[in-house]
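Engineer: Shown below is the structure under consideration.
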Protein chains: 2
Amino acid sequence: MVGGGQLARMTQPAAVALGVRLKVLAATAEESAAQVVNDPVIADEKALADLRAFAAGCDVLTFDHEHVPPFALEALEADGVLVRPGSVALLHAQDKGVMRSRLTSLGIPCPRWTIVASPADVAPFAASVGGDVVLKTTRGGYDGKGVWLVPAGTPESSETVAEPFRAGVPVLAEERVDYARELSAVVARSPHGQAVAYPVVESVQRDGICVEVVAPAPGLSSELAVEAQRLALAVASSLDVVGVLAVELFETVDGRLLVNELAMRPHNSGHWSIDGAVTSQFENHLRAVLDLPLGSPVARAPYTVMVNLLGGDLPDVYPAYRHVMARDPELKVHWYGKGVRPGRKVGHVTAYGSDLAELRERAWHAADYIRGDIDE
Amino acid sequence: MVGGGQLARMTQPAAVALGVRLKVLAATAEESAAQVVNDPVIADEKALADLRAFAAGCDVLTFDHEHVPPFALEALEADGVLVRPGSVALLHAQDKGVMRSRLTSLGIPCPRWTIVASPADVAPFAASVGGDVVLKTTRGGYDGKGVWLVPAGTPESSETVAEPFRAGVPVLAEERVDYARELSAVVARSPHGQAVAYPVVESVQRDGICVEVVAPAPGLSSELAVEAQRLALAVASSLDVVGVLAVELFETVDGRLLVNELAMRPHNSGHWSIDGAVTSQFENHLRAVLDLPLGSPVARAPYTVMVNLLGGDLPDVYPAYRHVMARDPELKVHWYGKGVRPGRKVGHVTAYGSDLAELRERAWHAADYIRGDIDE
């Protein structure tokens, strides 16, 4: 697995159970995953020579992020390395312009969009959609970075319109969708086309960062749930994705689904599955990229709530870490081994059961306490 | 954790979630746990100098087996190392004579027993219990090794009576208990005395090796279940155990409980808890030795069945490994990363749900298939 973040870290327990020797290429020995695997390779994930040396010790190469340059992926494939998902599939998670173009050609519903070449192109697009516009750099954004909201009527001379163009990559303009909530459909697909779909979840974002996931999405009609799963399975199949694919969706106020983003790796909206599903997304990602039969994605409890732990201003979180465990012996705590900084994802907690309000209270208490927002 | 076997290996997923950096002292780099932790220390677990060097890099020392010599544990404690469980507690899991003597003084029910000094002492003890006798070396036995059944009337000149004395350690003689089944009560206890008791399980042995565990023990009266849990908690408290304690019990045909063995570490009879309980025995062992609040030991399903995967004569188990996953997407497969040899524990599978007969069929199918006993 290329990348030493928490996704690679959470893949290790699945690898331990499957008897798989997980190798990790990390940027530093202190990265989240590097702490918990045997003999991590400390190297540059963007340097082809480093990737080649790493791949030589692996049966198959996969990723905990989308940052490996496409040219490097193509070169590795030309070498004969099994890259999963492959470079062609992965490009749709790396480049939002490629993603929008392909999904549109497949008939998958998306927000109205266009590629804008300069600030002057933004106002005409805004006029055509008749409202606010969202600008996104087509490459390199994550967790709310690389995204700008442009209210209707914003002049082209404004900083909000100008800034996205400075990164030197094409800029995507999308209508701002009037959505009721955000959903996520996570599926896993193996090289010979076996696929499984997890229950569709509701995902709550703050400042562009996922803070809460509820599985399954409360009150979602079975028609929309099945439509979201079918849509994710269709994307996985059409793009020949191998591994986990997360399709982030808007549920509009008038009850339609629109694709927001794609990720081709275990995704924050699937973390609930570690404690809440028969087979975690991490295990199914491994099974898929190793061409092993996939495991059941079925939920183990009526509801599972996952809340991210974000760093706060607490100088020492150890007392809070102990408090969270002492207060709630049924809470599952996942700690990523990362230093605490304000706003940084340092872990998550999961609560499962049948009383959704109680589960949310328990999970949020832990997050608020770790962040230092409450002290009892 | 001293010892690189599957117990240390299965502790790693718990450590990953808790944000704990698990260090492992293993005999070789190929051992089960050495494959899955960062920078395993390859050293001699019986050499004090090696243990001292290892302990210098740890906050607390714990074990995946009972083979570290008592003198070494005492020396480490004299150095100021936090050894958990401590040497005094651990001696009761290392020496069956010490165990029987202490349990008897505590009023804990045990089979009738005595220490026999020579083969000539066996017949008088057999006469006193009026039946078959079991001889055990007080130290060094495991998985049926170091145990001999001596039928009533066996002459002292027989090899079965003579052999146990050749190891040069004291020999324990016990009545052979006429038991209905074997049970196990697993508890975890922290340094300040917090303790949790897992549901009491039924454990099925073949040739002295655990092959199946059902949680909870089917049909066990709540009176006996509570008695078994109380007894295990009393042993943990009286012996000042820190970490997991497994108390293996006989349920006699007349409905009494007798203690068979003690283990002070995660135990085969607790493997079901990884998939079947809110908090696994491995997580609670870590929480206990690190003096963190303990997690809930409550079962997540009406029944969980664990069946050990023992090696057979199959030259290549990979096709069987794939078959097991393909046949049953809800089965949880745990593979220890060990080479396959006939009779060797190479993994286990877990099935959970409400139909016990179906769960047993599913789990045993996997074990039989891996062993090569069936081919469909």
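Engineer: For peptide A:9-16, how many partner chain Cβ atoms fall within 10 Å of a residue's Cβ, on average?
Structural biologist: What the average comes to for A:9-16 is 6.
Engineer: Additional query: Considering every residue in A:291-299, what mean count of other chain Cβ atoms within 10 Å of its Cβ is obtained?
Structural biologist: 4
Engineer: Something else: So, with +1 on the Cβ of K and R and -1 on the Cβ of D and E, and no other charges, what is the size of the charge dipole of the protein assembly as shown about its Cα centre, to the nearest 20 debye?
Structural biologist: 420 debye
Engineer: Mean-square fluctuation check for chain B, GNM, Cα pairs under 10 Å: which of B:208, B:130, B:219 is largest?
Structural biologist: Of B:208, B:130, B:219, the most mobile in the Gaussian network model is B:219.
Engineer: Under the definition of partner shielding as Cβ atoms of other protein chains within 10 Å of a residue Cβ, what is the mean value for peptide B:316-322?
Structural biologist: What the average comes to for B:316-322 is 1.
Engineer: Which residue, chosen from A:73, B:242, A:298, occupies the Cα position most advanced towards the positive end of the dipole of the protein assembly as shown, where the dipole is computed from +1 (Lys, Arg) and -1 (Asp, Glu) charges on Cβ about the Cα centre?
Structural biologist: The residue sitting farthest along the positive end of the dipole is A:73.
Engineer: Rounded to the nearest 500, what is chain A's calculated 222 nm mean residue ellipticity when only DSSP H runs of at least 4 contribute -39500 (n - 2.57) each, over all residues?
Structural biologist: -9000 deg cm²/dmol
Engineer: At 1.4 Å probe size, with the rest of the protein present, what percent of the exposed accessible area of the protein assembly as shown is carbon and sulfur atoms?
Structural biologist: Looking at the protein assembly as shown in its full context, I get 51 percent from C and S.
Engineer: Shifting gears a bit: Please work out the Cα convex hull volume for chain A and give it in Å³ per residue.
Structural biologist: Dividing the Cα hull volume of chain A by its residue count gives 145 Å³.
Engineer: List the lysines whose Cα sits under 21 Å from the Cα of residue A:136, skipping any in the same chain fewer than 8 residues away.
Structural biologist: Partners within reach: A:96, A:145.
Engineer: Related question: Can you tell me, using C-alpha contacts under 8 Å and at least 6 residues apart, the relative contact order of chain B as a whole percent?
Structural biologist: In percent, rounded to a whole number, it is 13.
Engineer: Under unit Cβ charges (Lys, Arg +1; Asp, Glu -1), what dipole magnitude, rounded to 20 debye, does the range B:117-266 have relative to its Cα centre?
Structural biologist: 480 debye
Engineer: If you don't mind, there's one more thing I want to ask. Defining the label point at 7 Å along Cα→Cβ, can you sort the distances from residue A:77 to the same site in each other copy, shortest first, in nm?
Structural biologist: The answer, with the shortest distance listed first, is 6.2 nm.
Engineer: Probe radius 1.4 Å, ligands and nucleic acids left out: can you give me the accessible area buried at the B-A interface, summed over both chains, in Å² to the nearest hundred?
Structural biologist: 3800 Å²
Engineer: Let me ask another. Which order do the peptides A:338-351, A:231-244, B:150-163 come out in when sorted by mean C-beta neighbours inside 10 angstrom, highest first?
Structural biologist: For the peptides A:338-351, A:231-244, B:150-163, the packing ranking is A:231-244, A:338-351, B:150-163.
Engineer: Would you mind estimating how fast the range A:4-67 diffuses translationally, via Stokes-Einstein at 10 °C and 1.306 mPa s with the Kirkwood radius over Cα pairs, in µm²/s?
Structural biologist: 135 µm²/s
Engineer: Further question on the same structure: When all C-alpha to C-alpha distances in the range A:112-175 are sorted into bins of 10 Å, what percent of pairs does each bin hold, rounded to whole numbers?
Structural biologist: Histogram of Cα-Cα distances, whole percents per bin: 25, 61, 13.
Engineer: Let me ask something else about it. How big is D, in µm² s⁻¹, for the protein assembly as shown by Stokes-Einstein at 10 °C and 1.306 mPa s if Rh is the Kirkwood radius over C-alpha pairs?
Structural biologist: 57 µm²/s
Engineer: Convex hull over the Cα atoms of the range A:276-371, averaged projected area in nm²?
Structural biologist: So the Cα hull casts an average projection of 6.9 nm².
Engineer: Residues of chain B: accessible area per residue at 1.4 Å, in Å²?
Structural biologist: Roughly 37 Å² per residue, with all protein chains present.
Engineer: With a 10 Å radius around each residue's Cβ, average the other Cβ atoms per peptide and rank A:364-370, A:101-107, highest first.
Structural biologist: A:364-370, A:101-107
Engineer: Whole number please: convex hull volume per residue of the Cα set in the range B:179-371, in Å³?
Structural biologist: 113 Å³
Engineer: Next question, about the same structure. The range B:75-143 to the range B:4-38: how many Å between their Cα centroids?
Structural biologist: Each part's Cα centre sits 30 Å from the other's.
Engineer: Which percent, to the nearest 5, of DSSP beta bridges fully inside the protein assembly as shown are antiparallel?
Structural biologist: 90 percent
Engineer: Next question. Give me the number: length gained by fully extending residue B:56 to residue B:180, i.e. 0.36 nm times residue separation minus the C-alpha to C-alpha distance, one decimal in nm.
Structural biologist: 39.9 nm
Engineer: May I pose another question? Obtain the nm distance between the two label points defined at residue A:354 and residue A:318 by a simple spin-label model: each point lies 7 Å from its Cα along the Cα-to-C-beta direction.
Structural biologist: Label-label distance for residue A:354 and residue A:318, simple model: 4.1 nm.
Engineer: So, one more: From the C-alpha coordinates alone, can you work out the Kirkwood hydrodynamic radius of the range A:205-300, in Å?
Structural biologist: Every distinct Cα pair counted, the radius reaches 14.3 Å.
The values are calculated or read from the model by the stated rules, or taken from the named source; none is laboratory data. Only a predicted model underlies this, so the values are computations on that prediction, with no experimental measurement involved. All Cβ positions, glycine included, derive from the backbone under ideal geometry; neighbour counts span all protein chains shown. The protein model used for the area step is the full one, side chains on, heavy atoms only, and it has no ligands, DNA or RNA in it. Shrake-Rupley method; radii C 1.70, N 1.55, O 1.52, S 1.80 Å.
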